[in-house]
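Engineer: Below are the structure tokens for one structure; questions will follow.
The values are calculated or read from the model by the stated rules, or taken from the named source; none is laboratory data. On a predicted model such as this, the values are computed, not experimentally measured, just so you know. So basically every Cβ, Gly included, is an ideal-geometry build from the backbone, and we count neighbours across all protein chains shown.
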Amino acid sequence: MCNLYRQCSGPQAILDAANAMRSTVGNLAPGDVYPDYPAPIVRWEGAERILASARWGMPSPAKVLEGRRTDPGVTNVRNTGSPHWRRWLAPAHRCLVPLTSFAEHARGGNQWFAPAEEDRPMFFAGLEVRGWRSVRKVKDGETTDDLFAFLTCPPNAEVAAVHPKAMPVILTTPDEIETWMTADWAQAPR
């Protein structure tokens, strides 16, 4: 499943596409994003959407952490029916993860996927949590981080040829973005 994506949009383009009000990230360096890296997200701050930075990888379920000293985080949320994820499904914990393209591992390297229209804004449908305390890496000890991950869905035909199980939920239209950020869970695109 997607554990590498590229984000090359500037802050103003992200703010405009996400209908966000302000940015707390300063300049954004374009490039590849890997698990546990900081990356831009658009999230709620009160009634306002802001562009912020968070670390890629939501907290792992307790069962997965049994006997482990660290929590590397979960990058892709597949089972939203799990009690572990239900606490973060409300709009207050939803976010938009801007991307330019994403990769799936294939024989001989990565297969990259991007929109047909090069300048079309694109977001993963994400979940975020703030101020999470955990040990991500032993050498760093306990840290407090803002974290995010994105949801998956059945793959489309193009992605299924490389990864037949799932692909990220991708939002491209203003209606999809608004619904994801504001609607009840039953109405949110998944």
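Engineer: Name the single residue that is modelled with the lowest pLDDT among those in segment 58-111 being among the β-branched types (Val, Ile, Thr) and crowded, with 16+ Cβ neighbours inside 10 Å.
Structural biologist: Within segment 58-111, the first condition is being among the β-branched types (Val, Ile, Thr), and the residues that meet it are 64, 70, 74-75, 77, 80, 97, 100.
After this cut, where a residue has to be crowded, with 16+ Cβ neighbours inside 10 Å as well, the list is 74-75, 77, 80, 97, 100.
Numbers: VAL74: 95, THR75: 95, VAL77: 95, THR80: 92, VAL97: 98, THR100: 95.
The selected residue is THR80.
Engineer: Still on this structure, please answer the following. For THR143, indicate whether it is under 12 Å from the mean Cα position of the chain (by Cα), among the polar types (S, T, N, Q) and not in a helix (DSSP H, G or I). Walk me through it before giving the result.
Structural biologist: Details: under 12 Å from the mean Cα position of the chain (by Cα): no; among the polar types (S, T, N, Q): yes; not in a helix (DSSP H, G or I): yes.
So THR143 does not fit the description; no.
Engineer: Return yes when THR144 is among the hydroxyl-bearing types (Ser, Thr, Tyr) and closer than 16 Å to ARG43 by Cβ and no when it is not. Reasoning before the result, please.
Structural biologist: Numbers: among the hydroxyl-bearing types (Ser, Thr, Tyr): yes; closer than 16 Å to ARG43 by Cβ: no.
So THR144 does not fit the description; no.
Engineer: Taking into account only those residues within segment 121-140 that are closer than 16 Å to ILE41 by Cα and among the charged types (D, E, K, R), which is nearest to the chain's Cα centre (by Cα)?
Structural biologist: Going through the qualifying residues, I end up with GLU128.
Engineer: Do you know which residues across segment 132-166 are surrounded by 14 or more Cβ atoms within 10 Å (Cβ to Cβ), at pLDDT below 95, touching a Ser or Thr at 6+ places or on another chain (Cβ under 8 Å) and of a type in the set (A, V, I, L, M, F, W, C)?
Structural biologist: Selection gives VAL135, ALA166.
Engineer: For the structure I just gave you, tell me whether VAL129 is surrounded by 12 or more Cβ atoms within 10 Å (Cβ to Cβ), among the β-branched types (Val, Ile, Thr) and not in a strand (DSSP E or B). Walk me through it before giving the result.
Structural biologist: Numbers: surrounded by 12 or more Cβ atoms within 10 Å (Cβ to Cβ): yes; among the β-branched types (Val, Ile, Thr): yes; not in a strand (DSSP E or B): no.
It is false that VAL129 is surrounded by 12 or more Cβ atoms within 10 Å (Cβ to Cβ), among the β-branched types (Val, Ile, Thr) and not in a strand (DSSP E or B).
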